[in-house]
Amino acid sequence: MDVADSKPVEFRGSSLEDLRAFPLTARREAGHQLDQVQNGREPDDWKPMNTVGQSVKEIRIRGAAGVFRVLYVAKFADAIYVLHCFQKKTEKTSKADVELAAKCYRELLKELGQ
């Protein structure tokens with residue numbers, strides 16, 4: 001897939017501001033992983049997040065600065081939608097983070113007429 005084929009990334013809600021708040025190394029890694037998704041590849045470390053919505057995936061970033069997550073959905077033809085970005089502080093993703101991402105997902109589906 002060449003650059004002309006890559007999908008734009010669209011940030012929903014406060015996800016772009018949240019991502020910008022990540023430490024530099026985590027921010028760079030998130031950018032690299034999203035670039036891979038844009039070009040039709042899977043991120044290096046991810047898992048499905050069906051608790052958020054169908055086809056939602058979680059990019060997992062681990063580093064010296066902590067553990068970070070980027071929740072996105074790439075199944076739509078027009079763009080990759082980043083639903084939520086956050087620093088993970090506990091073993092299990094917090095209910096608040098899951099609910100926030102799920103709300104963004106539901107709003108996105110409504111907008112896209114899904």
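Here are some notes:
- Cβ-based net charge around L71, under 12 Å, with every Lys or Arg adding one and every Asp or Glu removing one: +3
- Near R27: Cβ cut-off under 11 Å, other residues only, Lys/Arg at +1 and Asp/Glu at -1. The net charge is 0.
- Measuring nothing but how far apart in sequence close Cα pairs (under 8 Å, 6+ apart) lie, relative to its length, the chain scores a relative contact order of 27 percent.
- Point-charge dipole on Cβ atoms (K/R +1, D/E -1) for segment 1-98, about Cα centre, debye to 20: 440
- In the context of the full set of protein chains, residues of the chain present 57 Å² of accessible surface per residue (probe radius 1.4 Å, heavy atoms only).
- Counting only aspartates and glutamates at least 8 places from K89 when in the same chain, those with an alpha carbon closer than 20 Å to its own are E17, D18, E29, D45, E58, D97, E99.
- Residue (of Y81, S55, G66) at the positive-pole extreme of segment 16-85, dipole from beta-carbon charges: G66
- Shape class of segment 5-56 from the alpha-carbon gyration tensor: rounded, with the ratio a/c of largest to smallest axis under 1.5.
- Entries of K57/K88; K47/K95; K7/K95; K7/K88; K88/K110 with Cα pairs more than 23 Å apart: K7/K95; K7/K88; K88/K110
- Proximal charge balance of Q54 [Cβ under 12 Å; K/R count +1, D/E count -1]: +3
The values are calculated or read from the model by the stated rules, or taken from the named source; none is laboratory data. As the structure is a computational prediction, the values presented were derived from the model and not from experiment. Neighbour counts are summed over all protein chains in view; Cβ atoms, including those assigned to glycine, are modelled from backbone coordinates with ideal geometry. Ligands, DNA and RNA are stripped out before the accessible areas are found, and what is left, the full protein with its side chains, is counted by its heavy atoms. Shrake-Rupley method; radii C 1.70, N 1.55, O 1.52, S 1.80 Å.
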